[in-house]
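**Student:** Shown below is the structure under consideration.
The values are calculated or read from the model by the stated rules, or taken from the named source; none is laboratory data. It should be emphasised that the depicted structure is a prediction, and the values quoted were computed from it without experimental measurement. Counting neighbours? That spans all protein chains shown, and the Cβs are built from the backbone with ideal geometry, glycine included.
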Amino acid sequence: MEIIKIERKVLAKNDAVASEIRSALQENGVFAVNIVSSPGSGKTTLVEKTIEHFSGRMNISVIEGDVQTDLDAQRVSAYNVPVVQIITNGGCHLDAGLVKDSMKSLDLVSTDFLIIENVGNLVCPAGYDLGEDMKVVVISVTEGDDKPLKYPKMFMNSKVLVINKIDLLPYVNCNINQLRSNALKINPDLKVFEVSCTTGEGINAWCDFIENSI
Amino acid sequence: MHELSLASDIIDTVKQTLSHEELPSLRKIVLEIGAYSGVVPDSLSFSFEAITAGTELAGAELEIINIPFRLKCNQCKTEAEPEYPIMLCENCGSSDTVVISGDELKFKEFKISESEE
Ligand SMILES: Nc1nc2c(ncn2[C@@H]2O[C@H](COP(=O)(O)OP(=O)(O)OP(=O)(O)O)[C@@H](O)[C@H]2O)c(=O)[nH]1
Ligand SMILES: [Mg+2]
Ligand SMILES: [Zn+2]
């Protein structure tokens, strides 16, 4: 057998496109987050609350990733912000190529804050750099406190953890301190926010953090 | 199921690296996959087989080297392979640790049969 050495990441192409995106964002002074979670943890609701909070003070653009339908983009466009929907047609994650294409229909010059909502999936999006400044992983208390241990890569690769639906804590069997400490065991540097998008609790702290990061 | 899209990324790299004439004699694509890379090796091999069937790459298969999660403590210098990718030192409990391996998802080599069968 002839052996050809090839030291290269499988996702090298994605990473190269992600670097292009990162430079384009930097040039235009855009701060970008990539929001990831399992289906239904409350990503779109968090996007809505965040837009409401910054309304009139910051120019936000949104990229919505879904397997099917533009329902999330419809929800977000009700807030009068530029939004592009990416439909992956079965694809379980966004990749940098999809994001780069969708960015063509956004005006980066007039954007301060770009929110990318990934496809609902706690596994696959973890490995794909989209050129964002940080990944934000959302988990709702209804999912259980063991999820960081079961899906470590997502927690390892994120800078921020938003624990959502804390209004439901009285009704579910989830120990939020256990959830937090499991997440911090995987990634001691995680910045953790406890919020309820329904009652608004904790949203100010999350938004202050974003404002200070920009 | 991002294994399917990874399989097509792998094929893209193969086609960029090898000439068209070399493709049918490619036997093995050696990959290193870390324990917390998020990739299921069996599923990746299955996807690769499914999309290369009937193509010039039908004779090639994936050879996967599993890389364990390894952590080194900056405080007490202990190296360990914890069951979960927990960033705390098993020995002294410090969180001042570095990951040595476990997130790999990369090519190592291609094996090509020299004589055309
Ligand atoms: N009780 C409660 N419900 C919430 C909260 N946040 C979101 N929800 C509800 O949870 C459901 C899912 O919320 P979405 O924002 O659509 O979740 P998502 O993560 O965007 O879902 P996908 O995009 O499909 O993955 C909706 O019915 C929301 O109203 C919360 O803080 N408390
Ligand atoms: Mg959504
Ligand atoms: Zn130690």
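**Student:** Within segment B:1-12, can you find the residues that are crowded, with 17+ Cβ neighbours inside 10 Å and either within 7 Å of another protein chain (Cβ to nearest Cβ) or among the acidic types (Asp, Glu) (or both)? Steps first, please.
**Tutor:** In the first step, residues of segment B:1-12 are kept if they are crowded, with 17+ Cβ neighbours inside 10 Å; the result is B:2-7, B:9-11.
Hits for segment B:1-12 are B:His2, B:Glu3, B:Ser5, B:Leu6, B:Asp9, B:Ile10.
**Student:** When you scan segment B:60-81, do you find a residue that is within 16 Å of ligand 3 (Cβ to nearest atom), touching a strand residue (DSSP E or B) at 6+ places or on another chain (Cβ under 8 Å), without any contact (Cβ under 8 Å) to a residue 24 or more places away in the chain and facing chain A (nearest Cβ under 10 Å), even just one?
**Tutor:** The answer is no, given that none of the residues of segment B:60-81 is within 16 Å of ligand 3 (Cβ to nearest atom), touching a strand residue (DSSP E or B) at 6+ places or on another chain (Cβ under 8 Å), without any contact (Cβ under 8 Å) to a residue 24 or more places away in the chain and facing chain A (nearest Cβ under 10 Å).
**Student:** Which one of A:Lys135, A:Lys191, A:Lys159 is closer than 30 Å to B:Ile33 by Cα, within 14 Å of another protein chain (Cβ to nearest Cβ) and not polar (S, T, N, Q)?
**Tutor:** Numbers: A:Lys191 fails: within 14 Å of another protein chain (Cβ to nearest Cβ); A:Lys159 fails: within 14 Å of another protein chain (Cβ to nearest Cβ).
Checking each option against the conditions leaves just A:Lys135.
**Student:** Still on this structure, please answer the following. Working only within segment A:29-61, note down all residues that are among the β-branched types (Val, Ile, Thr), closer than 21 Å to A:Val109 by Cβ and within 11 Å of the chain's Cα centre (by Cα).
**Tutor:** Across segment A:29-61, the qualifying residue is only A:Val33.
**Student:** Follow-up question, since we're still on this one. Find all pairs meeting these conditions: Cβ atoms under 9 angstrom apart; at least six residues apart or on different chains; first residue within segment A:102-129 and farther than 11 Å from A:Asn34 by Cα and within 14 Å of another protein chain (Cβ to nearest Cβ); second residue among the hydrophobic types (A, V, I, L, M, F, W, C) and in a helix (DSSP H, G or I).
**Tutor:** As it stands, the answer is A:Leu122/A:Met154; A:Val123/A:Met154; A:Gly127/B:Leu6, since those pairs meet every condition given.
**Student:** Please specify each residue of segment A:131-142 satisfying the condition of being touching a residue at least 40 places away in the same chain (Cβ under 8 Å) and within 16 Å of ligand 1 (Cβ to nearest atom).
**Tutor:** A:Lys135, A:Val136, A:Val137, A:Val138, A:Ile139, A:Ser140
**Student:** Among the residues that make up segment B:11-28, is at least one of them modelled with pLDDT of 95 or more and within 11 Å of the chain's Cα centre (by Cα)?
**Tutor:** no
**Student:** Within segment A:70-81, can one find any residue that is under 23 Å from A:Lys9 (Cβ atoms) and in contact (Cβ under 8 Å) with a residue 24 or more places away in the chain?
**Tutor:** no
**Student:** What strands (runs of 3 or more DSSP E) completely inside segment A:106-174 contain at least 3 residues that are within 16 Å of ligand 2 (Cβ to nearest atom) and in contact with a Ser or Thr (Cβ under 6 Å, 6 or more places away or on another chain)?
**Tutor:** Details: elements: A:113-117, A:134-140, A:160-164.
Ranges flagged: A:134-140.
**Student:** From the list B:Ser19, B:Ser47, B:Ser37, B:Ser113, pick out the single residue that is surrounded by fewer than 17 Cβ atoms within 10 Å (Cβ to Cβ), of a type in the set (Gly, Ala, Ser) and touching a residue at least 24 places away in the same chain (Cβ under 8 Å). Steps first, answer last, please.
**Tutor:** Numbers: B:Ser19 fails: touching a residue at least 24 places away in the same chain (Cβ under 8 Å); B:Ser47 fails: surrounded by fewer than 17 Cβ atoms within 10 Å (Cβ to Cβ); B:Ser37 fails: surrounded by fewer than 17 Cβ atoms within 10 Å (Cβ to Cβ).
Among B:Ser19, B:Ser47, B:Ser37, B:Ser113, only B:Ser113 is surrounded by fewer than 17 Cβ atoms within 10 Å (Cβ to Cβ), of a type in the set (Gly, Ala, Ser) and touching a residue at least 24 places away in the same chain (Cβ under 8 Å).
**Student:** Could you say whether any residue in segment A:122-132 is surrounded by fewer than 21 Cβ atoms within 10 Å (Cβ to Cβ) and farther than 30 Å from A:Asn28 by Cβ?
**Tutor:** yes
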